[in-house]
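Quick notes on the structure that follows.
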Amino acid sequence: MNKRNKNQTQSVDETFSSLLGQASPRRKAPERDEWEIREAALAEWKRITGKRRERRVLVSLAVAATVVVVLASLINISRFAETDMDLQPFANVERQIGEIIIFEPATDTWRELAESDVVLSSGQIIETGSGARLAVSWNAGGLLRMDEKTRVSLIAYDQIHLFSGRLHYDSKSLYSDRQPLVNLLIETPYGTVRHMGTQFMAELADGALAVSVREGEVAISGASMETLALAGEQVIISESGIEVRQSILPYSDEWKWAQEIAPVYELDGRSMDEFLQWISRESGFVVEYETESAKSLAEETILHGKIDLPPMKALEIMFQTADLVYELHGGIILVSTRQRSQAFGG
């Protein structure tokens, strides 16, 4: 009797192994199914973690020939149980403000982004809470910033998906000498956005995609449209594909949130002129010198330390003890020597 049971067990094992060996490669699950799984995981995480604790949900599956196909499908849909998953590092965290949570595909869990987190990898989903922001240096070049209440998925070396909220991307960031290796593609429900050497914002709000360009050009394409957004323009694409084009100033209030999450700027060895160029790129104001002597003084003045303030606030503080003064005229920061300014009642 025992011998018979043992033979039956071996027969089942052999059949199971044979089925696994004959199974074809798993096809990628529909994106909608994958997203629903991740949304369900997030909802469960928020429901049971009043103190932000995490809990793994284990699912038991009966071992039978008919379950093999189901098991393969579940693994394919989630893509989280593969122990050999290649998590490619896409970005480095430069600065974070407020509560930010991250979905880890390797463990099928949401967790809070810690200060010790410095690298972001493929497959992760990032979500910023109310009042929270995040700045990351993209390994392919440039600086990417996320506003509050924003959610993105890291898809590929040159591709991310924006589900909600607002992004700012600067392909010529002054925080790094690295030039972009690729043109970052941002996917949205209303079209894809690809920059062509630029500073721009992409925002999903009120059932539309708004792309604002501070510098350069941005290509926007969808199922039935393709257009360019130029510097100083904001292009709004509705769900139906209707396009609205309007102007936007490079120093308008709509850009200010990106200044709040500006990474720390190292001053050591830099000149006042370099500091002012950083201010210009962060704020959208153009720096002009009233005289050649003012420009020479800015180039010769060497600074020390680092800036951990919003750019315009840093400008105000830095000039309190400098031999230079500045005035704002429209979109211009006019810099002059302190002696000349005082002579004219400044």
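Taken together, the values in this text are just the output of simple stated rules run on the coordinates, not laboratory data. All figures in this text were calculated on a predicted structure; none of them were measured in a lab. As a convention, Cβ positions derive from the backbone with ideal geometry for all residues, glycine included, and neighbour counts pool all protein chains shown.
Tabulated values for the structure
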| read-out | value |
| --- | --- |
| Ranking of S212, S224 by count of other Cβ atoms within 10 Å, fewest first | S224, S212 |
| Sparse-neighbour loop sites [chymotrypsin sites (Phe, Trp or Tyr not before Pro); the range 151-259; at most 10 other C-beta within 10 Å; DSSP] | none |
| Order of T301, T321 under a 10 Å beta carbon neighbour criterion, fewest first | T321, T301 |
| Proxy reagent accessibility, fewest Cβ within 10 Å first, across D273, D323, D170 | D323, D273, D170 |
| Taking the range 264-343 and dividing mean pair separation by its residue count, relative contact order in percent (alpha carbons under 8 Å, at least six apart) | 37 |
| Full-extension gain in nm, V118 to L328, via 0.36 nm per residue minus C-alpha separation | 71.9 nm |
| Note, ³J(HN,Hα) from phi for the range 286-298, Karplus 6.51, -1.76, 1.60, rounded to Hz, x at Gly and Pro | 9, 8, 10, 9, 5, 9, 5, 5, 5, 5, 4, 5, 5 |
| Three-way shape label, the range 264-343, alpha-carbon gyration tensor, a/c 1.5 | oblate |
| Assigned charges on the beta-carbon of Lys, Arg, Asp, Glu; the range 89-256 dipole about Cα centre (debye) | 260 |
| Cα-based convex hull volume of the range 89-256 per residue, rounded to whole Å³ | 113 |
